[in-house]
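As structure tokens, the structure follows; a few thoughts come after it.
Just so it is clear, none of the values below were taken in a lab; they were calculated from the coordinates. Keep in mind it's a predicted model, so treat the numbers as computed, not measured. Glycine also receives a Cβ, built like all others from the backbone with ideal geometry; neighbour counts cover every protein chain displayed.
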Amino acid sequence: MSEPLVGVSGVVKDFTVRERGRKRTVRAVDDVSLDIHRGETLALVGESGSGKSTLGRLILQLESPTSGSIRFDGEELVGAGRAGRRTAQRSMQVIFQDPYSSLNPVRSALLQVAEPVSVLSPEKDAEAVATAALAQVGITGDAVHRLPRSFSGGQRQRIAIARAIAVAPALIVADEPVSALDVQVQAQVTDLLRDLQRELGLTYLFISHDLAVVREIATRVAVMYRGQVVEEGPTAEIFDHPQHPYTRKLLDAVLVADPAIARARLRQISDAATGI
């Protein structure tokens, strides 16, 4: 197999927090190793607080690891300095959970998508690239000149996706990209992400707690629990033959039709976490 696009090895991330006037260290990511291969979708799943979003930020170089190695396209990022990180960051983009908070409320869709193009690829016609990217996600005509408040939640997420693809990244980190949307819109956005992956050769790190969505989009799944990857494998294998007790409990909790029952089961997992 060819070298992975992203290689994470032995990564640790500690945060110092203050409680009752005293400082203590919290380990958010604990000796994590995983690879993300070109053209695949690796889903990172787990409860809130499991460390999955922190790991995504470490890969994006928005946080620095306490220790360990992160390689992108064969180049080491940890300790590479600003110039080395910036080169890698040009090939990475992120889609956040809440598109409204990630968009500038006083700038049109066109200008929001054009901005990163003008910064990262000043030799290009930024507005032409942005118009094409918006068309790829279904935002066309006069709509490109509207402000974010004029769009629905699903449309705003499409603008965020257009902004991500406009700079031709190799990797997109999608952090809970559909969890704020209703089920029908979730399916539309998930289908769009799959179509763009095929058309543009994108690689995704898809961070989510929604296993129903993960089952539809992911090539492989890595399960995080208390900062560690406790199980990893092809999506069908993880769903059909989970090996780790936490994975089995997570699947039992969420793969039910009644959301209220799912939430109650997730609370039970958290309450009983020390016994896993």
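Points worth noting:
- Share, in percent, of DSSP beta bridges within the range 144-263 that are antiparallel, nearest 5: 55 percent
- If you take all other residues with their beta carbon under 14 Å from the beta carbon of G233, and give Lys and Arg +1 and Asp and Glu -1, the sum is -3.
- Using all pairs of distinct alpha-carbon atoms, the Kirkwood hydrodynamic radius of the range 90-205 works out to 13.9 angstrom.
- Subtracting the Cα-Cα distance of A236 and T16 from their residue separation scaled by 0.36 nm leaves 75.4 nm.
- Taking the longest Cα principal axis of the chain as reference, the axis of helix 183-200 is set at about 70 degrees.
- Of all beta bridges that DSSP places with both ends in the chain, some 55 percent have antiparallel geometry.
- Ranking of D35, D14 by count of other Cβ atoms within 10 Å, fewest first: D14, D35
- Surrounding net charge for G51, when Lys and Arg each add one and Asp and Glu each subtract one, Cβ distance under 15 Å: -4
- Calculated FRET efficiency for the pair D195/Y100, C-beta based, R₀ 22 Å, to 0.05: 0.40
- The chain, helix-only ellipticity at 222 nm - DSSP H runs n ≥ 4, -39,500 (n - 2.57), divided by all residues, nearest 500: -12000 deg cm²/dmol
- Straight-distance candidates among the aspartates and glutamates for linking to K23, with alpha-carbon spacing under 18 Å and chain neighbours fewer than 8 residues away dropped: D14.
- Net charge of neighbours whose Cβ lies under 14 Å from the Cβ of K13, counting Lys and Arg as +1 and Asp and Glu as -1: 0
- Exposure proxy ranking for R90, R82, based on other Cβ atoms within 10 angstrom of each Cβ and starting from the fewest, stands as R82, R90.
- Hits among aspartates and glutamates - C-alpha to C-alpha of K13 under 12 Å, sequence gap 8 or more where chains match: D30, D31, E63
- The Cα-based radius of gyration and maximum Cα-Cα distance (Dmax) for the range 1-126 are 17.1, 54 Å.
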